[in-house]
Amino acid sequence: MQEEITEVLCTTSNTLAPGPSGIGYTILKWAHAACPEMLTIIFNLCLTTGTHPWNAATIVVLNKPQKPDYSQPKAYRPISLLECTGKALEKVVANRINADILKYDILPPTQFGSRPHHNAIDAVATLVHHIQAMRAANCAGALLLFDISSFFDNLNPDRMAQLFHDKGFPLGICQWVLQFMRNCKAVLKIGDYMLETFNITHGTPQGSPLSPILSAIYTANLLNASKQWEHSDLTMYIDDGMIYAVATKARDRFHEVLAWLYRNGLDTDPAKTELMTFKKRTANRDLMGDTTLGLRYIDLVQGPSNITATNSLWYLGIYLDRHLS
């Protein structure tokens, strides 16, 4: 643990804003250099007893520039200032979880975010491969992109702890994850005005080094279930999902995803759901479907909805069109 803490502190910046206590990384580095055993003992006790004592945050609310209506909540960006000591512990835990993911193959390979040796370029390359393979088979394919709405804020602590237990993590880590997500306190700061402290009982803190990997584990069962699909594929980049299927199966696959999300307390953002179809000009429409102008589906929260097909879109920072030009 002592070497892990040293490694983590070496990667931190002394200029980052501290949490409510005002203790920044500079003080932590001095303390750890002077007495390395102390943080080691404290962090080990936290993990063995399932305790996360640095659970306070100051949420600074900033105006987003050039927004037409500042009476809308989406016109503001909340920035969470977490305790640096807690973030150091969370980084140690995140490193250990990533090591276990590699050693025990905990995450399916179709999760491209928040894990070692996977990135957005890999996700896009996989998609292009699927499109080219379906074109080679002379089939019409449909690409459906979706975004899980307020994903980090809606993760269920009890489900997360159960997932960790099911994947074989020690009981102390399972209890620690539960406390990390359940017992958070925050105060809003708008300008010079501070609101009263309130409790946060769901989700993972914004800015925590542990939040991305927890979110990836949360949707692992959805990706594992999609392995049974035929003529369809599902990949995720944290909260950005991608379904690529033959045109006749796209809606059914999306309904399966929506049903899983609903059962797990999540939903998609209709405004960020996009559809694009691909086919050869000589494709046999009787073989595996034809291109479509849109898709009607039933959202279990929003009700009947419709997606209009587009000729181009952005996926993980990459521009794609129907011709892959």
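The values are calculated or read from the model by the stated rules, or taken from the named source; none is laboratory data. No experiment lies behind these values; they were computed from the predicted model shown. Backbone-built Cβ (ideal geometry, glycine too); neighbour counts: all protein chains shown. Calculation scope for accessible area: heavy atoms of the full protein, side chains included, ligands and nucleic acids excluded. Shrake-Rupley method; radii C 1.70, N 1.55, O 1.52, S 1.80 Å.
Values for this structure:
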| quantity | calculated |
| --- | --- |
| So residue 142, is it of a type in the set (Gly, Ala, Ser), modelled with pLDDT under 95 and outside any loop (DSSP other than H, G, I, E, B) | yes |
| Counted residues, the range 246-274 - those being part of a strand (DSSP E or B) and under 13 Å from residue 295 (Cα atoms) | 1 |
| Flag if residue 95 is farther than 25 Å from residue 242 by Cα and either small (Gly, Ala, Ser) or within 18 Å of the chain's Cα centre (by Cα) (or both) | yes |
| First in the range 239-262 and closer than 17 Å to residue 218 by Cα and modelled with pLDDT under 95, second anywhere and in a helix (DSSP H, G or I) and open to solvent by 30 Å² or more (accessible area, probe 1.4 Å), Cβ under 6 Å, 6 or more apart | none |
| Residue that is in contact (Cβ under 8 Å) with a residue 60 or more places away in the chain, surrounded by fewer than 17 Cβ atoms within 10 Å (Cβ to Cβ) and not charged (D, E, K, R), where the choices are 155, 178, 171, 195 | 171 |
| Subset of the range 1-56 that is surrounded by 15 or more Cβ atoms within 10 Å (Cβ to Cβ) and touching a strand residue (DSSP E or B) at 6+ places or on another chain (Cβ under 6 Å) - its residue that is nearest to residue 98 (Cα to Cα) | 55 |
| Subset of the range 107-122 (residues that are touching a strand residue (DSSP E or B) at 6+ places or on another chain (Cβ under 6 Å), polar (S, T, N, Q) and more than 13 Å from residue 218 (Cβ to Cβ)) | 110 |
| Conditions (1) touching a residue at least 40 places away in the same chain (Cβ under 8 Å); (2) surrounded by 16 or more Cβ atoms within 10 Å (Cβ to Cβ); (3) out of contact with any Cys (no Cβ under 9 Å at 6 or more places or on another chain); (4) under 30 Å from residue 44 (Cβ atoms): number failed by residue 164 | (3) |
| Leading residue by the ranking (farthest from residue 161 (Cα to Cα)) among those in the range 58-103 that are hydrophobic (A, V, I, L, M, F, W, C) and open to solvent by 80 Å² or more (accessible area, probe 1.4 Å) | 62 |
| Failed item, numbered, when residue 21 is tested on (1) in a helix (DSSP H, G or I); (2) touching a Phe, Trp or Tyr at 6+ places or on another chain (Cβ under 9 Å) | (1) |
| Hits in the range 104-118 - residues which are part of a loop (DSSP other than H, G, I, E, B), open to solvent by 70 Å² or more (accessible area, probe 1.4 Å) and not acidic (Asp, Glu) | 109, 117 |
| Residues (more than 10 Å from the chain's Cα centre (by Cα) and buried (at least 23 other Cβ atoms within 10 Å of the Cβ)) located in the range 215-234 | 234 |
